[in-house]
């Protein structure tokens, strides 16, 4: 049997890639995709623990998590589309969007 | 048992104050009749209480009627609220409420043209009367102090009555405002002393009730004489402020800026009498220390003399009366001081005589000074000026006013039969006794006796100078347009008071001597009164008084003696000193500028630099810190998320370290 650590390391790598993307990418769509990566890293952890502990609760949580993530992405994309309509760009560092500061 | 309702005596005027203040505007005379009714009710209740007390067992045994309820505790101290009726209380209640009633009636005529402001006037005088009556019936010193302060407030309000708009223009109203402030601040200095004295007494006796204090006075004095002496001196400081004694006397002449009725109220029925009353009330405590009594006597004698000198050349009819009040108050304090001194040395009979002389003079003075002030008010009402150089020859136009004022002048000058004679000569007599029987400090009393005799001479002179300048001789400027006698509401009280000025001295033959017994020692009024005629010094003061009147007559009616010759037509050093009031106003100014303003500047510096500096520094630090921290808010969402990530990582690391420290999983 494949040891549990393999799955956990895979999830950790996936999470780090996602986090890196969120923090560095300037395109909002890429950032959204990276957030999906982080979510899925968490999902992998859930499934792994569920499988190795013979406990169905983790799998149920993953189903829940995926559906919530789908809804969240839908909302995020909708906001982005509207922002794009007004600003004609999806850049996060847009001057107009960074006025909410000191 | 009407004495149980003694609390009604101050309570009724207080209710009048509230009623006049709330609905007075809608009543006729803007509440004037309510004020009169209130004062009259108080007088009637006071009469009933006095009758009951004086015919009861308590009086026969020399005990007071007193009752009190518990007000509050602070630690071991219990403060009570109640009434205390003895002979002194009765005498004070009777004359205060009686004279106030007459003054209020007189006010109806005198304040007639004051319009809406009458409402404020009547409300304030009612509160003033509350203060005085409350002070008189109080059963402990704290209660007394509260009413004492009520009176201080009312005197401030009433002296400054015309500070908003004076009939004689802006300068007069500014003058009224500054006079009110002066009266308030100068008496405040006394009040601070009084408060200090009360703290000391509370500390010494664990109580401020009269009964407790009088009972334990001797024991406490034996235990801690220095502190007791200090307490007595501080209480006397309050008296100096309130009763306008040297050196805090200078507010009283300025207080003439108020309406004449207010002056009359302050000088005759309330306010300045409170100080004398306090000494009389605390007499059983004062007699513990002979040295304090010598000090009290000296202050009284010096005040009597200095104030009389300043009245000699004053041209303002009200200010002459104001100085004469200060001078007469000095007599009262002198009598109490000399009497207390004798008592402290063991001459209890003579001590009681001194106490009687002081209180008796206070009562007589109340009658004739109210009369004189209201008479001068009638003159001012008729002529529209206070300057005696613009009056003259008014006798023909104002017969009632002139005659009644003549009665007042004769009373204050000490002509026999008139009230002032009996009490003033008793005062001078008691100063002589203090010299004869006293020990080492007695030499002071011969000096005070000489001052008192000279004051008697000066009093006769300046009172008749005033009377002659006003009512005799050629009618000058304002006297020519005088429209005749004042209305009946004003002359009626004058006539009543003139009768009292004539007869109130005879009260000592008819029971007042028993009423004003102190600590169970009575004097025989008839005997003491007749003894005056077998005393050669009585004739000395009498001759001096007559000479004073004669000089005034020669100077101001016959004009055979030119007053200008004595003062080099106003150029002599003494004349200038007197018009400058012995430079007391300058002294006050110097003290308040140098000392008061200096202290105020120091306090201001501490407040602005240190207190405000600390507060401002703290707020500046918070604002600055917030400013620099706000730079973290970049507006870049990725900066925020990195901070979140760093934070969570740090938390995770800390969590792991703690878990490892606790021994792992």
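The values are calculated or read from the model by the stated rules, or taken from the named source; none is laboratory data. Everything numeric in this text was worked out from a predicted model, so none of it was measured. Because the Cβ atoms are built from the backbone with ideal geometry, glycine has one as well, and the counts that use them run over all protein chains shown.
Structure notes:
- Checking the stated criteria, residue B:400 turns out not to satisfy the condition of being in a loop (DSSP other than H, G, I, E, B) and closer than 30 Å to residue B:478 by Cβ.
- When residue B:162 is tested against (1) part of a helix (DSSP H, G or I); (2) under 17 Å from residue B:253 (Cα atoms), just one condition goes unmet, and that condition is (1).
- With respect to (1) facing chain A (nearest Cβ under 10 Å); (2) part of a loop (DSSP other than H, G, I, E, B), the lone exception for residue B:663 is condition (1).
- Highlighted here are the helices (runs of 4 or more DSSP H) found entirely within segment B:2-117 that include at least 2 residues which are within 24 Å of the chain's Cα centre (by Cα): B:8-23, B:32-55, B:87-110.
- Taking the listed residues B:179, B:183, B:172, the one that is in a helix (DSSP H, G or I) and at pLDDT below 85 is B:172, with no other qualifying.
- Each residue in segment B:598-639 was checked for being surrounded by 11 or more Cβ atoms within 10 Å (Cβ to Cβ), assigned to a helix (DSSP H, G or I) and at the interface with chain A (Cβ under 10 Å from one of its Cβ atoms), and 4 of them qualify.
- Top-ranked residue of segment B:343-353 - restricted to ones that are more than 13 Å from residue B:284 (Cα to Cα) and part of a helix (DSSP H, G or I), ranked as nearest to the chain's Cα centre (by Cα): B:353
- Of all the criteria given as (1) over 32 Å from the mean Cα position of the chain (by Cα); (2) over 30 Å from residue B:111 (Cα atoms); (3) assigned by TED's automatic domain parsing to the domain that holds residue B:319, the one not satisfied by residue B:483 is (2).
- The set of residues in segment A:15-25 being surrounded by 16 or more Cβ atoms within 10 Å (Cβ to Cβ) and more than 9 Å from every other protein chain (Cβ to nearest Cβ) consists of A:15, A:18, A:21.
- Residue match in segment A:26-33 (condition: without any contact (Cβ under 8 Å) to a residue 40 or more places away in the chain, away from chain B (no Cβ under 14 Å) and under 12 Å from the mean Cα position of the chain (by Cα)): yes
- Count of segment A:45-61 residues which are within 28 Å of residue A:79 (Cβ to Cβ) and surrounded by fewer than 18 Cβ atoms within 10 Å (Cβ to Cβ): 1
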